[in-house]
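Scroll down for the structure; my scribbles are underneath it.
A short reminder: the numbers here are calculations on the coordinates, not readings from a lab. Predicted model, so just to flag it, every value in this text is computed and none were measured. So basically every Cβ, Gly included, is an ideal-geometry build from the backbone, and we count neighbours across all protein chains shown.
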Amino acid sequence: MRAAVVSQIGSAPAFGEFPEPSNVADDEVVVDVALAGLNPVDRLQADGYADPVVPFVPGFEGVGRVRSRRVYFGTTVNPHGSLAEKAVVKTEALLKIPEGLSDEQAIPIGIAGLSAWLPLTWETELKGGERVLVTGATGMVGQIAVQAAKLLGAGHVVAAGRDTRMLARLADLGADQTVALNDDVDTAIAAAAGPGYDVVIDCVFGGPFRAALNCVSPRGTVVVVGLAGGTRVTLDWYELYARRVVSFAMPVVPPSVKQRAFDTLAAHVLAGAITFETEQFGLEDVGRAWLELENGAHRKLLVVP
């Protein structure tokens, strides 16, 4: 079958042929993939995350059909990822796609959308009026988090990121204030903190995480969603005092919680309350799509098998 294949750990996938799935386990299904999504975690997988066996097809996310049933999935079983005509998925990982939602709309509200919505609803529950900071707001998760925070009743949403064009767009999408993360991240984040952030959705970690943590109100919460700024940070204990830090992990979220969140996001997308940009590539152009991913695309990258 047609597929994007990683032949060596640390290398980008290349368009080619790969054996179709066979002998799948009882708790697995083969999905006929209609559209796949690219995410930063795909790059980590190509670099050896989760110890994949080479050669393998990368990709965790996609939309397709299982015996005529249309489904979304956000995780796959190695070596049959989503960047191919067929993928292997655990049955419990399948989500039903609400009526009226297109494939192109479904994928952005999967990994990216759930990674924005669940930290605001499942990890911490907005009651209304909170001051919310989103770091890395110009990425896909951050863009949806800004819009979600406003929908959930946040009183003041600060969008922080590096891409000035996308920051301007976020102002149109509901951000009350935007912050350009330049060389002086601490000053930039502190200047917008006002009396302190009640909730931080951190899509970066590293320096922006520490800067945000130091501006969180007592009993405030920082939910770490992404690691674009690195995986290590040095803190003094007092910087954690009276503050809550959560590492969001999609695999521990119950399937029923994911389905409810997916349905809610779908309703907001269909109503026009959450918007995003997408770009589609053919599978034979996976190299170009992968390069866009590495360069930090601020739109959802989609691959048609």
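For Cα pairs less than 8 Å apart in space and 6+ apart in sequence, what is the mean separation divided by the residue count of region 112-251, i.e. the relative contact order in percent?
The normalised contact order for region 112-251 reaches 22 percent.
By what distance, in whole Å, do the Cα atoms of region 112-251 stretch along each of the three principal axes, largest value first?
Computed over region 112-251, the largest-to-smallest principal extents equal 38, 33, 32 Å.
Step through the residues of region 202-215 one at a time and calculate ³J(HN,Hα) from phi using the Karplus curve (6.51 cos²θ - 1.76 cosθ + 1.60, θ = phi - 60°), rounding each to whole Hz and writing x for Gly and Pro.
The phi angles translate into 9, 9, 10, 6, x, x, x, 4, 5, 4, 5, 4, 6, 10 Hz.
Calculate how steeply helix 140-151 sits against the longest principal axis of the alpha-carbon atoms of the chain, using the helix alpha-carbon long axis, and give the answer as 0 to 90 degrees to the nearest 10.
Computed tilt is about 50 degrees.
Kindly give the semi-axes, whole Å and largest first, of the ellipsoid equivalent to region 30-138, taking each as the square root of 5 times a Cα gyration tensor eigenvalue.
Sorted largest first and rounded, they come to 27, 19, 11 Å.
Would you please name the trypsin sites (Lys or Arg not before Pro) within region 67-112 that are DSSP coil residues with at most 12 other C-beta atoms within 10 Å of their C-beta?
Passing sites in region 67-112 are Arg67.
Please sort by residue number the GluC sites (Glu not before Pro) in region 90-127 whose DSSP state is loop and whose Cβ has at most 14 other Cβ atoms within 10 Å.
Glu99, Glu125
Normalized C-alpha radius of gyration of region 1-65, against 2.2 N^0.38 Å?
In units of the globular-protein estimate, region 1-65 measures up at 1.12.
About the Cα centre of the chain, how large is the charge dipole given +1 on each Lys and Arg Cβ and -1 on each Asp and Glu Cβ? Please answer in debye to the nearest 20.
Roughly 600 debye, rounded to the nearest 20.
At what distance in angstrom do the alpha carbon centres of region 241-305 and region 71-133 lie from each other?
First find each Cα centre; the distance between them is then 7 Å.
Put +1 on the Cβ of every Lys and Arg and -1 on every Asp and Glu Cβ in the chain; which of Ala12, Trp117, Ala297 then has its Cα farthest towards the positive end of the dipole?
Trp117
Enumerate the calculated ³J(HN,Hα) couplings along region 69-86 in order (Karplus 6.51 cos²θ - 1.76 cosθ + 1.60, θ = phi - 60°), each rounded to whole Hz, writing x wherever the residue is Gly or Pro.
Whole-Hz 3J(HN,Hα) from phi for region 69-86: 8, 7, 9, 10, 9, x, 8, 10, 10, 4, x, 9, x, 7, 7, 6, 6, 9.
Suppose a student asked you for the relative contact order of the chain, using Cα pairs under 8 Å spaced at least 6 residues apart; what percent would you report?
Taking the mean separation of contacting Cα pairs over the length of the chain, I get 18 percent.
Using only Cα atoms, tell me the angle between helix 111-121 and the longest principal axis of the chain; keep it within 0 to 90° and round to the nearest 10.
So the helix axis and the longest Cα principal axis differ by about 40 degrees.
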